[in-house]
Amino acid sequence: MTMRGVHDLGDLPAGPIDRSEHERSFFEQRVDAMMRLLALQPGS
């Protein structure tokens, strides 16, 4: 059986979502920085 990733919930009951604040991971910080840079680009 193939291991599922954290976000791969296809056809599985999801249960409650933890909406509490958490420290952002390095990946989340990088994505946020890239999104901010792309939003500031002239002509977009």
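The values are calculated or read from the model by the stated rules, or taken from the named source; none is laboratory data. From a predicted model like this one, the values you see are computed outputs, not experimental measurements. Cβ coordinates were reconstructed from backbone atoms using ideal geometry, including for glycine residues, and neighbour counts include every protein chain displayed.
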Selection within segment 10-44 - within 14 Å of the chain's Cα centre (by Cα) and among the small types (Gly, Ala, Ser): SER25, ALA33
Inspect all residues belonging to segment 9-28 and state whether any of them is modelled with pLDDT of 75 or more, loosely packed, with under 10 Cβ neighbours inside 10 Å, part of a helix (DSSP H, G or I) and of a type in the set (A, V, I, L, M, F, W, C). yes
